[in-house]
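Worksheet: one structure, shown below.
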Amino acid sequence: MNTTYETDNHTKQQSQSTSLFGKRIAWRLGGAIVVLWAVATIIFFAVLLMPGDPVLALLGGGSGNVSAEVVAEVSKEYGLNEPIFTQYFIYLGNVLSGNLGTSYSQHLPVTQVLDEHIGPSLQLALCSLLLAWLIVLAMTIFTSHRRSWRGRVGSVIETLAAAVPHFWIGLILLSVFAFGLRLFPPAGSNGWNTLVLPSIALALPLAGFIGQVTRESLDFTLDQPFILTAKTRGLSDVGVRVKHALRHAVLPGISLSGWAIGALISGSVVIEVIFSRKGLGRQLYQAVLSQDMPLTIGISLVVAAGYVLANLFVDVLYQLIDPRQERVQ
């Protein structure tokens, strides 16, 4: 009888946990829709406020001798002669139907441009995030200790890495390893060797930032009673850190990984330009310069969607690593 009661109670707790988790995901998805709408709105009006005339940009710039009739015809073709709020609602309707329009500068569907350039950007972002975490784990596992000189050195290195800008690291790597030692190509997007220098440039500052948080968490975890119990069982110091302490210590860093995706994408704008890489960052830079509103908004929406999905994935991963958080929420 007691066993039946415990089973029913356990089943009830599982059902409540699943319900809470489902509600959490539903709220996240609702927030994602609001974020995407806000991004589309802000970027739309920000591009309109930029100096210059998008119609002249479509016609190759203001240096050409363009007649008023041609300007009027192009404005009508792209709907730029409509009132601003009419343009806005038309564009929102197109976005909801999956139509992101045609790039002003490339005269191609925005979806086609995104399809051609999203792969290299995702490749760079994932490689950079993986490399950053490898650096974080190596640094924290082997140097973490509040009362150790290794811990102090590791903390200084992480602080310096977090403070250095992506573009400065990229330029140094380019000068030393591409133009100086000629170990890696200075530009391009084909082959693993073109990924090495851009990934390092993006990963080092991110590793410094996540490493600071993870080190503090690991130091705190190593002072907990269960760590002393694990050591009395004969495990080595590294074994205790990997098997017992690391699972708890990486939780703050994992929660920051969703933010890290956004940081990597924003940093890739400069890095892809420096290394002449194919990707959304470089396309966004060129779209802003040419006042290509459809392409600018399309890339911004994709970046925002990636950021939201990354945070959703991190939230699920966080719950899987530490299910107690579901009951706490």
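For the criterion of being modelled with pLDDT of 85 or more, surrounded by 15 or more Cβ atoms within 10 Å (Cβ to Cβ) and aliphatic (A, V, I, L, M), Val113 passes. A single entry from Ser144, Ser121, Ser128 fulfils the requirement of being at pLDDT 85 or above, of a type in the set (Gly, Ala, Ser), touching an Asp or Glu at 6+ places or on another chain (Cβ under 9 Å) and under 20 Å from Leu206 (Cβ atoms): Ser121. For residues in the range 187-224 being touching a Ser or Thr at 6+ places or on another chain (Cβ under 8 Å) and more than 18 Å from Ile157 (Cα to Cα), which is surrounded by the fewest Cβ atoms within 10 Å (Cβ to Cβ)? The qualifying residue surrounded by the fewest Cβ atoms within 10 Å (Cβ to Cβ) is Ala187.
Taking helices (runs of 4 or more DSSP H) that fall entirely within the range 196-310, which contain at least 3 residues that are touching a helix residue (DSSP H, G or I) at 6+ places or on another chain (Cβ under 8 Å) and at pLDDT below 80? Before the answer, list the steps.
Working: elements: 225-232, 237-240, 246-249, 251-274, 280-289.
By residue number, 225-232, 237-240, 246-249, 251-274.
Looking only at the range 135-189, residues that are in a loop (DSSP other than H, G, I, E, B), touching a residue at least 12 places away in the same chain (Cβ under 8 Å) and within 26 Å of the chain's Cα centre (by Cα) come to 7 in all.
Between a residue in the range 258-284 that is under 16 Å from Val302 (Cβ atoms) and any residue that is assigned to a loop (DSSP other than H, G, I, E, B), which pairs come within a Cβ distance under 7 Å, given they are 6 or more apart or on different chains? Sorted first by the residue in the range 258-284, then by its partner, the pairs are Ser268/Gly279; Glu272/Gly279; Lys278/Ser189.
The values are calculated or read from the model by the stated rules, or taken from the named source; none is laboratory data. The model shown is predicted, which means the values in this text are computed figures rather than measured ones. Cβ coordinates were reconstructed from backbone atoms using ideal geometry, including for glycine residues, and neighbour counts include every protein chain displayed.
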